[in-house]
Amino acid sequence: MDSLSTGRVAQTLQRVFQEAEQADRALMAQFENAENLEQLMAESVAEHREQECRDVRSFYHGYVNNYLNVEPAYGRFLYQCARARQATRIVEFGTSMGVSTLYLAAALRDMGGGHLIGTELEPDKAARARANLEEAGLADLVEIRVGDARETLADVGGEVDLVLLDGAFSLYLPVLKLLEPHLKSGTPILGENAFDYDNEYLTYVRNPMNGYLSQPIPISACRGNEFTVFTR
Ligand SMILES: C[S@@+](CC[C@H](N)C(=O)[O-])C[C@H]1O[C@@H](n2cnc3c(N)ncnc32)[C@H](O)[C@@H]1O
C-alpha cells in the first residue's frame, strides 16, 4: 500500500486540491477553451519570462495566494520516480504551498525516510506548505528554505538523487548548474513548466555532450514537462 491512497496524506491532498482549484480558477480560465492555445501559450510564456527577468521577487509576490501546483497525475509520477530511484535525498526548486512536496515526501516516508530540501521565495507560502506537511504527517522529512534558490540551494549538504525544478522558468539552468556537482549518475531531473520556446535549459539538457539524456513526457503535457536523467 502507498500513503497516497489512504490516511493523512490522501486526506491532505484531497483538501489542498480543492483549495487550489478555487484559488487558481481565474488564472487557469484564460487557457480553457482557448481556440489558439499553442499561440496563447507561446505568448504568455514569453511574457512571463520577461517579467520574471525584470524582478523575480515582485513577479512571484503577485502570485502569493495562488497554488500554481502540479496536477494529481504529475504528482503521482513524482512519487513513482522517487520510489523507482529509491531516493533518500531530494531537492525541489519552487515549493509554493507544497503540493509536489507532499507527493515526494510521501515517497520518502513509504521507503522508510529521507530528506527533502525545498525552497520558496514567499515566506507565507512556505508557512502554508509547512502546515500542509504537518497535517499529512510528513513535516519531519522536509526542510523548506525561504529565499531565492540561487542562494538557498548553494549548499545542499551532499549528494542528491532526485531533483524537481518548478520555480521561476528562467532560472532552471542556473539552479541545475548549482546542483550539478551533487548529482549522482542516474539522477532524474523533472522540469515542470520547461516550455519548449527558445529555452536555454532544454538546449542544455537535450545535448548529450553535457551529460544528460532528456525528452518531454506526456503527463500534464501542455505544461511543458521534461524528464531528464543525469548520465555522467
Ligand atoms: C509553479 S510554483 C511551484 C508549485 C509547487 N511545486 C507545487 O506543486 O505545489 C513556483 C513557485 O516557485 C517560487 N519561486 C519562483 N522563483 C523562485 C526562486 N528564485 N527561489 C525560490 N522560489 C522561487 C514561486 O514563488 C512559486 O511559489
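The values are calculated or read from the model by the stated rules, or taken from the named source; none is laboratory data. Model, not experiment: these values are computed from the prediction. Note that we place each Cβ from the backbone using ideal geometry, even for glycine, and neighbour counts take in every protein chain shown.
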Subset of the range 45-74 (residues that are polar (S, T, N, Q) and assigned to a helix (DSSP H, G or I)): GLN51, SER58
Pairs with Cβ under 6 Å, 6+ apart, first in the range 48-65 and closer than 15 Å to LEU27 by Cβ, second among the charged types (D, E, K, R): PHE59/GLU52; VAL64/GLU122; VAL64/ASP124
Count of residues meeting criterion [within 16 Å of the ligand (Cβ to nearest atom) and farther than 14 Å from TYR212 by Cβ] in the range 177-198: 4
Restricting the range 97-141 to residues that are within 15 Å of the ligand (Cβ to nearest atom) and part of a strand (DSSP E or B), the residue that is surrounded by the fewest Cβ atoms within 10 Å (Cβ to Cβ): ILE117
Residue match in the range 164-174 (condition: of a type in the set (Phe, Trp, Tyr), more than 16 Å from VAL9 (Cα to Cα) and in a helix (DSSP H, G or I)): yes
So ALA23, is it at pLDDT 95 or above and either within 12 Å of the ligand (Cβ to nearest atom) or assigned to a helix (DSSP H, G or I) (or both): yes
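Looking at the range 65-72, can you tell me whether even one residue there is within 12 Å of the ligand (Cβ to nearest atom), among the polar types (S, T, N, Q), over 13 Å from the mean Cα position of the chain (by Cα) and at pLDDT 95 or above?
Yes.
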Of residues in the range 179-232 being assigned to a helix (DSSP H, G or I), touching a Leu at 6+ places or on another chain (Cβ under 8 Å) and of a type outside the set (D, E, K, R), the one surrounded by the most Cβ atoms within 10 Å (Cβ to Cβ): VAL205
Members of the range 142-154 that are in contact with a His (Cβ under 9 Å, 6 or more places away or on another chain) and either in contact (Cβ under 8 Å) with a residue 40 or more places away in the chain or part of a helix (DSSP H, G or I) (or both): VAL142
